[in-house]
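The values are calculated or read from the model by the stated rules, or taken from the named source; none is laboratory data. Everything quoted here is computed from the prediction, not taken from an experiment. Cβ placement follows ideal geometry from the backbone for every residue including glycine, while neighbour counts extend to all protein chains displayed.
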Amino acid sequence: MTPEKVKKVLATYREKLEEANIPKKKFVHNGCPESDYEALAHCHAMLDEMDIFIQENRMDKVFRWLGFLQGCFWRIGIYRISEMKNHNRP
């Protein structure tokens, strides 16, 4: 995926979380969210950091984080795997 494509996917996810009124909330690395809502809040906060990583050309990290986001979205039932597969297509 190109950086431009990743930005488009992140914008889609940001819009989805904003429509659901999910706030941005970072969790400490040794903490765990107590609900799906808190997990999504953490995912929402990750999007801003991912934008910075793209600007810094740290695409390996962006792709790891994208995989984390998509795993959370699938587990919580926000998107099906087939939908996210289409998100990742050129």
Original post:
Could we say that Ile78 is over 11 Å from the mean Cα position of the chain (by Cα), outside any loop (DSSP other than H, G, I, E, B), at negative phi and surrounded by 12 or more Cβ atoms within 10 Å (Cβ to Cβ) here?
Top reply: no
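Please verify whether the stretch 57-66 includes one or more residues that are part of a helix (DSSP H, G or I) and in contact with a Phe, Trp or Tyr (Cβ under 7 Å, 6 or more places away or on another chain). Before you say what the answer is, go through the steps one by one.
Filtering the stretch 57-66 down to residues part of a helix (DSSP H, G or I) leaves 59-66.
Pick out the ones that are also in contact with a Phe, Trp or Tyr (Cβ under 7 Å, 6 or more places away or on another chain) and you get 61-62.
Checking the stretch 57-66: at least one residue is part of a helix (DSSP H, G or I) and in contact with a Phe, Trp or Tyr (Cβ under 7 Å, 6 or more places away or on another chain).
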Original post:
Looking at this structure, is Leu17 out of contact with any Phe, Trp or Tyr (no Cβ under 8 Å at 6 or more places or on another chain), within 20 Å of Arg89 (Cβ to Cβ) and surrounded by 14 or more Cβ atoms within 10 Å (Cβ to Cβ)?
Top reply: no
**OP:** Out of the residues in the stretch 1-55 that are among the polar types (S, T, N, Q) and under 20 Å from Gly77 (Cβ atoms), state the one that is nearest to the chain's Cα centre (by Cα).
**Re:** Thr12
Subject >> Restricting the stretch 1-36 to residues that are farther than 21 Å from Gln55 by Cα and outside any loop (DSSP other than H, G, I, E, B), the residue that is modelled with the lowest pLDDT >> reply: Asp36
Original post:
Out of all the residues in the stretch 49-58, is one or more touching a Pro at 6+ places or on another chain (Cβ under 7 Å) and either surrounded by 14 or more Cβ atoms within 10 Å (Cβ to Cβ) or within 18 Å of Lys5 (Cβ to Cβ) (or both)?
Top reply: yes
